[in-house]
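Working notes, structure below.
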Amino acid sequence: MARSAPTFICQACGAQTRQFFGRCHGCGGWNTLVEQSGPAADGRRRRAAPEGAPARTGTGEKAAPVPGRPRRSESILTSVERPLQRLASGFAEFDRVLGGGLVPGALVLVGGDPGIGKSTLLLQSAQALAATTSVLYVSAEESAQQVRLRWSRLAPPGGAEPVGAGLQLLAETDLELVLQELEALRPAVAIIDSIQALHDDQLSSAPGSVAQVRECAGALQRLAKRQDTALLLVGHVTKEGMLAGPKVLEHLVDAVLTFEGDRFASHRLLRAVKNRFGATHELGLFEMRDRGLAEVTNPSELFLGHDGPAAGTATIVACEGTRSLVVELQALVSTTSYASPRRTATGIGINRLHQILAVLEKHMGLPLSRFDCYLAVAGGLDVEEPAADLGVAAAVVASYRDLTLPAGTVLVGELGLGGQLRPVGQLELRLQEAARLGFRRAVVPRGSGLGAIAAGLDLQLLEAGTVAEALVAGLGFDPAAD
Ligand code: TYD
Ligand code: MG
């Protein structure tokens, strides 16, 4: 029999070649190609039953494939229009990020740093799901005893006692055996913890390599779609901050969720990076307690200081998906003792801070290039949107001049390079959240058209066209005092 030609697969990007190269032609990485032997390298799986196992019948695996026929779009639409029966994970926060619950047959990747709480989140959700449907929890990293131990330690969402009726536990790392169990049990939901720990015997590369992750996820996906099992895959984040098996899995799955948080703080953020069944950038908030994760029902309180206004702090309203959060920013501006001043930012892009400092220097004549500037967002939240600009500028100026913002004031607005304030989206939502938390003044860009709404919320609306006007109105800043 002719020996099949080897295939080389890049461990970084998944590109395949028939010949060995020192450098991958796909991503340019050096020494990333690994030889892949056997027929599995071309993506087709051999399904060999283990020795001694009875031959499988009736699952359709060996039957000739039935080709899919085109269907009239109306007929497809009617089945889609039936309200999708989403499964509730037990956590309203998790359901929101999923777009209203877990869709049957969906493939969801949950990524995050090791130790952040992915297994805890999914085990607690499994507890809630198992009360109404069948769940298979495949633990490839921990033994069944370890999972059971954790299980008895956790409080299921909703406060009920753990019930294990619909939950099956499997501690297994061999893909073939996991597939067999999935096929035999046909659960409504299967959780694989984690995809990097699974391995396929037919591939020579190590578990966790791109080829393994891709092959394992692909085989699981094909089976899950066929039998309408919702699959939740746990994926670890690599040193570079990417979901391992880099972009390979993101194409394959229906939703990519990331679980993040400050390891030194107890709260955790669940975000949807991609979601075929819901909005992206949706945010779910949890707190890690001694009996597992609990939902945070009033998130703004997490990101607000509790000491009242202080010099160098400003409060903004950030929007994450459909949710608005009142967040406190703190700045420290002090005379520099270096040739080039130090700037650090936690929770806001450093380039954004540089830009805001440059605008303040140029358009308000503040000599900030002679000062160090440190900026932090309270509670470890990452605020990416430019609507935070005005708050950053106010915190910096407040620290520079030792001013305290009047209590109960929020600032929202994007800063243009010319010092002008630009309108921001979802302003009404932001004002509602500020009013709900007892804020009484809001500094916003001019032309918002929300005067009547603000009056209804008992909120004093201060509209400004430029950053200087906003700081005079909101902070009582005196431009001539330097
Ligand atoms: P885990 O879910 O194992 O993380 P991952 O699967 O993402 O690697 O969470 C482990 C961390 O959570 C660990 O540092 C201990 C902490 N933890 C609690 O604080 N309380 C709890 O009830 C549990 C189960 C874990
Ligand atoms: Mg884990």
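The values are calculated or read from the model by the stated rules, or taken from the named source; none is laboratory data. Here the structure is a predicted model, which means the values were calculated and not measured. Note that we place each Cβ from the backbone using ideal geometry, even for glycine, and neighbour counts take in every protein chain shown. For accessibility, only protein heavy atoms count, side chains too; no ligands or nucleic acids. Shrake-Rupley method; radii C 1.70, N 1.55, O 1.52, S 1.80 Å.
At-a-glance table
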item: Distance (nanometres) between label positions extended 7 Å along Cα→Cβ at GLN16 and SER152; result: 4.8 nm
item: 3J(HN,Hα) from dihedral phi, the stretch 271-276, Karplus parametrisation 6.51/-1.76/1.60, rounded to Hz, x for glycine, proline; result: 10, 9, 8, 9, 7, 6
item: Cβ-Cβ FRET estimate between SER266 and LEU437, R0 fixed at 25 Å, reported to 0.05; result: 0.75
item: Whole-Hz ³J(HN,Hα) from phi, Karplus 6.51 cos²θ - 1.76 cosθ + 1.60, for the stretch 224-233, glycine and proline x; result: 5, 5, 5, 10, 6, 8, 7, 10, 10, 9
item: Where a label projected 7 Å from the Cα of THR346 along Cα→Cβ would reach, residues of the stretch 363-380 with amide N under 20 Å; result: 372-380
item: Spin-label proximity, GLU181 to the stretch 104-143 - amide N less than 14 Å from point 7 Å beyond Cα toward beta carbon; result: 135-143
item: For the stretch 84-297, accessible area per residue (1.4 Å probe, heavy atoms of protein chains only), Å²; result: 39 Å²
item: Estimated distance in nm for a label pair at ALA206 and GLN168, the labels positioned 7 Å out from Cα along Cα-to-Cβ; result: 3.3 nm
item: ³J(HN,Hα) computed for each position of the stretch 450-457 - Karplus, 6.51 cos²θ - 1.76 cosθ + 1.60, integer Hz, glycine/proline x; result: 10, x, 5, 5, 4, 4, x, 8
item: Gained length - LEU417 relative to ASP382, 0.36 nm times residue gap less alpha-carbon distance; result: 10.4 nm
item: Spin-label pair SER337/ARG72, simplified geometry with 7 Å Cα→Cβ offset, distance in nm; result: 8.2 nm
